[in-house]
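The next block holds one structure in the form of structure tokens; read it before the comments.
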Amino acid sequence: GTKYCNDIFKTKKLVEDAITGNTLRIDDQTIWISTDFAEVTDDLTPDDVHWMHSDVYSDEDVVRVDGIFEGKVGKSDSKNDEAHVKKGEAYVIFEDVTLNPRVCKNFELEKKVPLMGRQIPAWTSANNVRDLIPLLSDPNGNRSVGTFDAQPLIIRAGPGTGKTWTTQQITYLLASKYVAKQFRRSFMKKRSSLEGKTVESSVKLVPLLIHVQELVGLIRNEGNNPNANLDCVKEYIRKFYTKHQMFLIQAFDLRSLIIIIDGVDEAAGLRKPVENLILRSLVPCGFRIIITSRPEGVHLHRYLKSFVIMNLKPLSDEQQLVAVKNQMNEGKFEFY
């Protein structure tokens with residue numbers, strides 16, 4: 001494990017900026033993230049939201065009447081009563097007044113809410129990629145009794161906004177932490193042996209970065225099997241991690257891999273087999289999973305029950321100015 005992570009630590013620390021051509025240290029970059037949408041905004045796609053019944057409605061809530069007619073909650077206007085209907089204390093205002101006569105007397109009302117995924121305080125409080133590293137790498141205290149603490153994560157962002165850089169930084173920081181832990185453990189072991197003490201050992205978690213465009217080639221070789229199984233991951237290790245394949249396959253069997261899958265949306269016609277591999281095989285087996293995709297690149301409803309959903313976070317105007325200055329001068333860059 002130490003040799004594998006040392007290789008990542010030594011060879012993956014530098015990345016090239018596609019705009020300037022500058023060589024940057026991957027651990028110098030600050031990649032901001034946030035949990036999924038806290039409110040309904042105009043830029044949400046239909047796959048980002050769902051409709052739910054609620055007892056509480058606030059002004060400007062987007063609502064749907066009888067599962068068909070969409071409007072907003074607002075205040076009653078007695079001069080324009082034909083433009084709204086009332087449900088409890090909520091007035092639904094229609095832009096098109098002709099919709100009102102078509103609404104049934106005892107209509108159903110649903111509120112439009114964003115798809116949030118799992119809301120876990122330790123995860124929702126994470127602001128950048130570095131905040132994720134302890135959550136991904138901390139050892140599982142219940143492993144000795146046969147259970148795995150594995151919270152899967154999906155990170156979404158538009159094209160060209162830093163998804164691949166994000167996976168590279170996660171891989172690098174996880175490998176760096178492993179190397180640091182091993183060095184510290186080696187020091188403590190020597191010290192304890194001199195003092196006649198023992199040092200408890202636990203299974204260490206190591207990162208495995210998988211690029212979907214390479215993975216789909218193996219799935220295609222399996223005959224376009226819609227239920228791509230775990231053997232595809234082992235085959236990927238043998239093909240793309242030849243030098244460390246024995247260690248990684250052993251780590252795979254021990255469920256001690258943190259599997260990072262970059263670009264699920266890039267699977268094109270084989271997206272369904274890739275998603276089945278993730279949702280039907282890797283997640284149930286207890287692997288810690290991070291995947292990236294464009295917002296429209298996955299069926300988000302499939303991930304709601306088990307995944308934390310995060311987005312790369314846009315920079316403020318001030319952060320963008322600072323980022324450009326650093327990018328041009330020192331090579332330190334903050335971005336989505």
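The values are calculated or read from the model by the stated rules, or taken from the named source; none is laboratory data. Remember, predicted model here, so these are calculated numbers, not experimental data. Don't worry about glycine lacking a Cβ; one is built from the backbone with ideal geometry, like all the others, and counts go over all protein chains shown. Accessible surface is based on the protein model in full, side chains and every heavy atom, while ligands, DNA and RNA are left aside. Shrake-Rupley method; radii C 1.70, N 1.55, O 1.52, S 1.80 Å.
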What is the one condition in (1) touching a Ser or Thr at 6+ places or on another chain (Cβ under 7 Å); (2) at pLDDT below 85; (3) outside any helix (DSSP H, G or I) that residue 327 does not satisfy?
-> (3)
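Of all residues being of a type in the set (S, T, N, Q) and at pLDDT 75 or above in region 41-76, which is farthest from residue 304 (Cα to Cα)? Just the residue, please.
Quick first cut of region 41-76, residues of a type in the set (S, T, N, Q) only: 41, 45, 54, 58, 76.
From what is left, the residues that are at pLDDT 75 or above are 54, 58.
On the way: 54: 19, 58: 25 Å.
Applying the filter and picking the extreme gives 58.
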If we scan region 273-289, do we find a residue that is closer than 19 Å to residue 160 by Cβ, of a type in the set (Asp, Glu), at pLDDT 90 or above and part of a helix (DSSP H, G or I)?
-> no
Taking only region 276-294 into account, find how many residues are among the basic types (Lys, Arg) and open to solvent by 30 Å² or more (accessible area, probe 1.4 Å).
-> 2
Give just the number: which of (1) open to solvent by 10 Å² or more (accessible area, probe 1.4 Å); (2) at pLDDT 90 or above; (3) among the acidic types (Asp, Glu) does residue 317 not satisfy?
-> (2)
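Looking only at residues in region 112-124 that are under 20 Å from residue 287 (Cβ atoms) and touching a strand residue (DSSP E or B) at 6+ places or on another chain (Cβ under 9 Å), which one is modelled with the highest pLDDT? So that I can check it myself, show each step before the final result.
Pass one, region 112-124, residues under 20 Å from residue 287 (Cβ atoms): 117-118, 120, 122-123.
Imposing the further condition that a residue be touching a strand residue (DSSP E or B) at 6+ places or on another chain (Cβ under 9 Å) reduces the set to 117-118, 120, 123.
Values: 117: 79, 118: 82, 120: 86, 123: 91.
This residue is 123.
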Taking region 89-118 as the region of interest, how many residues are part of a loop (DSSP other than H, G, I, E, B) and open to solvent by 30 Å² or more (accessible area, probe 1.4 Å)?
-> 9
Which numbered condition trips up residue 132, out of (1) open to solvent by 60 Å² or more (accessible area, probe 1.4 Å); (2) not in a strand (DSSP E or B)?
-> (1)
Among the numbered criteria (1) open to solvent by 30 Å² or more (accessible area, probe 1.4 Å); (2) out of contact with any Phe, Trp or Tyr (no Cβ under 9 Å at 6 or more places or on another chain); (3) modelled with pLDDT of 80 or more, which single criterion is violated by residue 127?
-> (2)
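Condition test on residue 297, is it under 27 Å from residue 138 (Cα atoms) and open to solvent by less than 30 Å² (accessible area, probe 1.4 Å)?
On the way: under 27 Å from residue 138 (Cα atoms): no; open to solvent by less than 30 Å² (accessible area, probe 1.4 Å): yes.
Against the criterion (under 27 Å from residue 138 (Cα atoms) and open to solvent by less than 30 Å² (accessible area, probe 1.4 Å)), residue 297 does not qualify.
Any idea which of 216, 203 is part of a helix (DSSP H, G or I), out of contact with any strand residue (DSSP E or B) (no Cβ under 7 Å at 6 or more places or on another chain) and modelled with pLDDT of 60 or more?
Only one candidate qualifies: 216.
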What are the residues in region 290-312 that are among the basic types (Lys, Arg) and assigned to a loop (DSSP other than H, G, I, E, B), if any?
-> 294, 305
